[in-house]
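Take a look at the structure below.
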Amino acid sequence: MNRTTCAIAPLLLLFASGLHGQDWSVFRGPRGDGSSASKNLPVQWSPTDNIAWKTPLPGQGWSSPVLRKGLLYLTNAVAKQSDAEKPPYLLNALAIDAKTGKIIWTTQLFEEPSNFARVHSKNSHASPTPIVTKDGLFVHFGHLGTASLTLDGQIKWKTLPMEYSPVHGNGGTPVYVKGGLIFSVDGQSKTRVICLDGKTGKTNWQFDRESTAPRKFSFSTPAVITLKEQTQIISPGSNVVHSLDAETGQLIWKVRYDGYSVIPKPVFHQGLLYVSTGYDSPSLYCIDPSGSGDVTETHVRWNIQRQIPHTSSLILEQGRIFMISDRGIGSCLDAGTGDTLWQQRVGGNFSSSPIINNGLVYFTSEQGDTTVIKASASYEMVATNSLGERTLASPAATDGAIYIRTAGHLFCIKQ
């Protein structure tokens, strides 16, 4: 086991006490939908303006930063032999002081062999986002394994690699609910949803999608909703989205559609669920999640195919949907009807999921440019900001700061 820790690691509580603000402890933030109630977020910046710190990140990875009590957590993959054409990768978890940008500790968890499956150019060997709780940290590397760590980087448990063949690498992030770590396995042939016990790493339950889709692979992060005192896990896969009971893994309902390589995370808003269907021609489905069984014909309120993102997730605010297509077309829809309120070319290519704060939507492009617009029924751009570095990761936010991971750095942006 290769683990390095800075001498100041025992002082984690001192670092934590130096920052106050809303934690961003899971993918897409406190509510899992990209919304932030943090105060005084920056609106304008450049590579030299309003940058509190910029920390070089070793290796590669597109996991998004998460934040709890003044510490940021990420994963990365570092080539074991930098001069090899196809080297093995060391898969790590990192903790970074949110006030200074200093890397506090790095823990090696797994080693990806040199004969790994090919990774898509818009993926990495460390793409799923960590989950941080008061009790510890969970990190996931898809078929290569999942681990639980203490907040000072000690390993609690690790799983063995899973026997399935991914397509284009690993991507979907787990959710943590009712003591279980839940994620999808949508590979070349195997398609299921798995719940691991958060304390032991042992399997609590598995759900077999029984997929007949010609292309079975997908990468979506589940959503968690509560309806009539029942917690549902909303897990999209190829050609179908399933709702499962969080405690048992039993099917509650499903909706069928055409789509594979599903990436966007579903969003729940004002009693309705919004699900994107992936490639080749993505649709957006508005679903009433109160049914049971196959509800394709009875509980779909509407579906549309106008500039729906393949990759980034949606933002919903006050009955409106804000989204951006992979090719940079921004849209605002009426969430009740699906009608288009406005559509505008923003420019650039988009994979990162947007955030919303104080009536402003932040769209960050693959080129590292963030366009800030008003969350309104008419298009109004507020600012455009560039970091000059490629990014596919989604931002994190806390009072007064936004954190953006690029190909080479983690940025802390402050007014």
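The values are calculated or read from the model by the stated rules, or taken from the named source; none is laboratory data. In this text the structure is predicted, and so the values were computed from the model without any measurement. Heads up, the Cβs are rebuilt from the backbone with ideal geometry, glycines too, and the neighbour counts pull from every protein chain shown. Please note that ligands, DNA and RNA were not included when accessible areas were found on the heavy atoms of the full protein model with its side chains. Shrake-Rupley method; radii C 1.70, N 1.55, O 1.52, S 1.80 Å.
Key figures for this structure:
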read-out	value
Whole-Å semi-axes of the chain's equivalent ellipsoid (Cα gyration tensor)	30, 27, 20
Charge dipole (the chain, unit charges on Cβ, about Cα centre) - positive-most of THR106, CYS332, SER127	THR106
List TYR379, TYR176, TYR285, ordered by accessible area with a 1.4 Å probe, largest first	TYR176, TYR379, TYR285
Order by protection proxy (mean Cβ within 10 Å, highest first), peptides 407-414, 141-148	141-148, 407-414
Those lysines that a straight Cα-Cα span of less than 21 Å connects to LYS39, excepting residues fewer than 8 apart in one chain	LYS69, LYS99, LYS374, LYS414
Sum of side-chain charges, GLY408 neighbourhood, beta-carbon under 11 Å (Lys, Arg +1; Asp, Glu -1)	+2
Accessible surface of the stretch 352-400, 1.4 Å probe, proportion on carbon and sulfur as whole %	45
Residue-averaged [θ]222 nm for the chain, counting only DSSP H segments that reach four residues, each worth -39500 (n - 2.57)	-500 deg cm²/dmol
Those GluC sites (Glu not before Pro) in the stretch 143-250 that DSSP places in a loop and that have at most 11 other beta carbons within 10 Å	GLU163, GLU210, GLU229
Carbon + sulfur, % of accessible area of the stretch 22-158 - ligands and nucleic acids excluded, 1.4 Å	47
By average C-beta atoms within 10 angstrom, highest first, the peptides 133-140, 41-48	133-140, 41-48
Peptides 30-39, 179-188 ordered by average Cβ neighbours within 10 Å, highest first	179-188, 30-39
Long-range amide H partners of HIS409 with built H, under 5 Å	LEU57
Accessible area (Å², per residue) of the chain, counting only protein heavy atoms and a probe of 1.4 Å	40
